[in-house]
């Protein structure tokens, strides 16, 4: 509860903004889905076979995994709000269409005949008789769609659309239950709130319900239009992956660019998602810059480069050359720190056996009780390769999720873990990082990535970002991550204060 209160106090503005983004995404998607599904059901009322085909199509679309659907949409419509809304609409159409069609086609035939006997036209019979009688079923479909939309909208955070999913994903990524609870509870509260609003809407007459929906459309459209007119268009968009460290980096980029070039406006998109989403967004022009790691480039993004070299400079040169030839991208020089694999032990274990280097573990290998991430335990760049390079075999090894292994070593259930060199938990639990004295682990240095087209058009941006080349040590980044992830300080503030301390940013 203390963590939750601290986050609410320090990040209240950001949380309110995320709630607004979540509501906006949900309402727009629901309105569009309703405007598609309800008229379609009305149109297909007399055509049962065509209605069944439409229902089958919408059902099939709903079975597509949301992440796969977002991945399909990104190359077509880019990232952010648009693909998120399209995906949510696709998922919401089926329940609204199904309930509307069922409500309209299961009306008592006697009532239909009575309406015709009174001489009502097809349109008047629809408006005065059929739609009011079908309204409970339609409202039920809308309620189902809304709950589905609010739940699925959390994934919009993966492609930079924001919303409460940002806190859920960050909570999972950083093992921060407070963030996870905030995101989940607020999402559930929104579902209950909108469910109650839809129930209220169902009690209104058909005409009044239509007026309410019309006002909602006008308000949402007006707010969106106002923002476009009042808020200036940003010139440069810088995005970052999930987590505190990428957010720190993109704020460093922003501060340096805006200090050197006051005429340039920079928009940051933190917690944008995974590597693939960011890289596709950069290719499509939806974003202009994002920080990427040299080892990741060679192992995941470019072709024909199966692994990174152990020399950081060679790794960077290979990555930059491959990005330029294969994707016409410019990869600026990296910072000094590396966010690569690390082997860490408890301070008691290190002191007892005088451990400073990984090779020192040879003397006490049988006394090691390790906790490894499953991937690290299996892949050749992890424990199998490490064991061969250093010629040792640990006493006992347990595989566990990344966040759990740090808890396990903190409670002294194990005495050695794998991790990343800038993990804030290393600082939080005062763990001792052993030096990789045989240079087994490949280098992972962060550097700004952009398209050649953007780099050519903005040489001044390159000059600003190159001020970070060779700067920021591993211990510095670990401390910055600690302030953001553990102490919950704002990434923008942490980044700005660090740049000022290093003399890279003037104090205002």
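The values are calculated or read from the model by the stated rules, or taken from the named source; none is laboratory data. What you are looking at is a predicted structure, and each value in this text was computed from that prediction instead of being measured. Don't worry about glycine lacking a Cβ; one is built from the backbone with ideal geometry, like all the others, and counts go over all protein chains shown.
Those residues that are on the phi < 0 side of the Ramachandran plot and touching a helix residue (DSSP H, G or I) at 6+ places or on another chain (Cβ under 8 Å), I need them from segment 350-359; list them, please. Listed by number, the residues that qualify are 353, 355, 356, 358, 359. For residue 68, the criteria (1) surrounded by 13 or more Cβ atoms within 10 Å (Cβ to Cβ); (2) within 18 Å of the chain's Cα centre (by Cα) hold in every case but one, which is (1). Residue pairs whose Cβ atoms lie under 8 Å apart, separated by 6 or more positions or on different chains, with the first residue in segment 63-80 and within 15 Å of residue 92 (Cβ to Cβ) and the second crowded, with 19+ Cβ neighbours inside 10 Å, are 64/90; 66/87; 66/91; 66/152; 66/155; 69/87; 69/90.
Note on segment 413-432: among residues that are part of a strand (DSSP E or B) and touching a helix residue (DSSP H, G or I) at 6+ places or on another chain (Cβ under 6 Å), the one that is surrounded by the fewest Cβ atoms within 10 Å (Cβ to Cβ) is 432. Those helices (runs of 4 or more DSSP H) of segment 244-342 in which at least 3 residues are at pLDDT below 90 and in contact with a helix residue (DSSP H, G or I) (Cβ under 7 Å, 6 or more places away or on another chain), considering only elements entirely within it, cover 275-284.
Of 389, 408, 381, all but one fail to be over 20 Å from residue 354 (Cβ atoms) and in a loop (DSSP other than H, G, I, E, B); the exception is 381. Given the structure, is residue 483 out of contact with any strand residue (DSSP E or B) (no Cβ under 9 Å at 6 or more places or on another chain) and either within 30 Å of residue 12 (Cβ to Cβ) or at pLDDT 95 or above (or both)? Here the answer is yes, as residue 483 does meet what is asked. The numbered conditions (1) assigned by TED's automatic domain parsing to the domain that holds residue 392; (2) over 17 Å from residue 438 (Cβ atoms); (3) touching a strand residue (DSSP E or B) at 6+ places or on another chain (Cβ under 6 Å) are all true for residue 349 except (3). Going by what's in this entry, would residue 96 be described as assigned by TED's automatic domain parsing to the domain that holds residue 152 and assigned to a helix (DSSP H, G or I)? Spelling it out, residue 96 is indeed assigned by TED's automatic domain parsing to the domain that holds residue 152 and assigned to a helix (DSSP H, G or I).
Looking across 76, 90, 28, 86, one residue alone is within 30 Å of residue 283 (Cα to Cα), in a helix (DSSP H, G or I) and modelled with pLDDT under 85. It is 76. Scanning segment 347-373 for residues that are under 16 Å from residue 413 (Cα atoms) and assigned to a loop (DSSP other than H, G, I, E, B) gives 368, 373.
Can we say residue 128 is in a helix (DSSP H, G or I) and either over 40 Å from the mean Cα position of the chain (by Cα) or not assigned by TED's automatic domain parsing to the domain that holds residue 97 (or both)? Yes; evaluated as a whole, the condition is true for this residue.
Candidates 357, 333, 367, 393: the one that is under 29 Å from residue 319 (Cβ atoms) and over 34 Å from the mean Cα position of the chain (by Cα) is 357.
For segment 497-508, the tally of residues that are in a loop (DSSP other than H, G, I, E, B) and under 16 Å from residue 250 (Cα atoms) stands at 2.
Here's the yes/no breakdown for (1) assigned to a loop (DSSP other than H, G, I, E, B); (2) surrounded by 16 or more Cβ atoms within 10 Å (Cβ to Cβ):
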residue: 442; (1), (2): yes, yes
residue: 447; (1), (2): no, yes
residue: 456; (1), (2): no, no
residue: 463; (1), (2): no, no
residue: 472; (1), (2): yes, yes
residue: 476; (1), (2): no, yes
residue: 480; (1), (2): no, yes
residue: 483; (1), (2): no, yes
residue: 495; (1), (2): no, yes
